[in-house]
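Okay, so here's the structure we're looking at.
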Amino acid sequence: MKNKISELRKQTGLTQEELAKNAGVTRQTIISLEQGKYNPSLGLANKIKKILKQKYLEDVFNLE
Amino acid sequence: MIGKAEWFKRRKWLGWGLMPATWQGWVYTLVLVLPIILVTYLPNISEKTRVVSLFIWAIIFSLDLIHIMVTINKDEREKMHEAIAERNALWTVIFVLAFGVAYETSKSLIATGSVQIDPLIIIAIVLGLVVKASTNFYLDKKD
């Protein structure tokens, strides 16, 4: 699933490690997410959306 | 318990169990292994003392390792990867065990006219079935 995690993360000034720690996942999971290789659960997607200070999931993930 | 889960990560590439992930994990491993080497090779220790010490140390070691493996933190992606990898490994083991049973059965039938199978193979398969059924029962109840 395509997403804007990398772009939004950089805008928020977070490193992959920081985003991983805040989301309760490993850095490897964040890397896989940013590369679109892993589709997160709804819970994790929601957590990431909040950390990246976005209002809607669609602002982070391409849900099509 | 003695060891902490955050000192380790699950072993992915070579075998099962844990790999030290921090310097504390390496120290823990050394502290765990050193007494075994000392007790095995130190002179002037009776054989009985050696065996009893190693047995007690193995129990402490095993319980601590199980505790670490159960409490080790894994995110959803790691849990999924572990589940798939362990499932594939288990299917391979079951396939080989089933082939082993078939081979031993036919070999013993031809040679002696009766079925002779290593009971450990049967025990392994039965225990695996029990663990699978119990786990599915627990998960169905939980969710």
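Inclusion of A:T29 among residues that are within 12 Å of another protein chain (Cβ to nearest Cβ) and not basic (K, R) is warranted.
Which ones in the range B:37-47 are assigned to a helix (DSSP H, G or I), surrounded by fewer than 11 Cβ atoms within 10 Å (Cβ to Cβ) and not aromatic (F, W, Y)?
Of the residues in the range B:37-47, the ones assigned to a helix (DSSP H, G or I) are B:37-41, B:47.
Subsequent filtering for residues that are surrounded by fewer than 11 Cβ atoms within 10 Å (Cβ to Cβ) retains B:37, B:41, B:47.
Of everything in the range B:37-47, those that are assigned to a helix (DSSP H, G or I), surrounded by fewer than 11 Cβ atoms within 10 Å (Cβ to Cβ) and not aromatic (F, W, Y) turn out to be B:I37, B:E47.
Among the residues of the range B:5-36, those that are over 19 Å from the mean Cα position of the chain (by Cα) and open to solvent by 80 Å² or more (accessible area, probe 1.4 Å) comprise B:E6, B:W23, B:W26, B:L30, B:V31, B:L34.
Residue check: B:R50 meets all listed conditions (1) under 30 Å from A:T29 (Cα atoms); (2) open to solvent by less than 60 Å² (accessible area, probe 1.4 Å) but one, namely (1).
Among the residues of the range A:12-20, is there at least one that is within 11 Å of chain B (Cβ to nearest Cβ) and of a type outside the set (S, T, Y)? Talk me through it step by step, then tell me what you get.
Let us first name the residues in the range A:12-20 that are within 11 Å of chain B (Cβ to nearest Cβ), namely A:20.
Filter again for of a type outside the set (S, T, Y), leaving A:20.
Yes, the range A:12-20 has at least one match.
Within the range B:67-91, the set of residues being within 17 Å of the chain's Cα centre (by Cα), open to solvent by 80 Å² or more (accessible area, probe 1.4 Å) and either within 14 Å of chain A (Cβ to nearest Cβ) or modelled with pLDDT of 90 or more (or both) comprises B:R87, B:L90, B:W91.
Here are some residues: B:T105, B:T112. Which one is β-branched (V, I, T), more than 23 Å from the chain's Cα centre (by Cα) and open to solvent by 60 Å² or more (accessible area, probe 1.4 Å)?
On the way: B:T105 fails: open to solvent by 60 Å² or more (accessible area, probe 1.4 Å).
The match here is B:T112.
Residues in the range B:9-42 that are at pLDDT below 90, in contact with a helix residue (DSSP H, G or I) (Cβ under 8 Å, 6 or more places away or on another chain) and β-branched (V, I, T): B:I36, B:V39, B:T40.
The values are calculated or read from the model by the stated rules, or taken from the named source; none is laboratory data. Remember, it's a predicted structure, so these values are computed and weren't measured experimentally. Here the Cβ is made from the backbone with ideal geometry for all residues, glycine too, and neighbour counts use every protein chain on show. These accessible areas exclude ligands, DNA and RNA; they are computed on the full protein's heavy atoms, side chains included. Shrake-Rupley method; radii C 1.70, N 1.55, O 1.52, S 1.80 Å.
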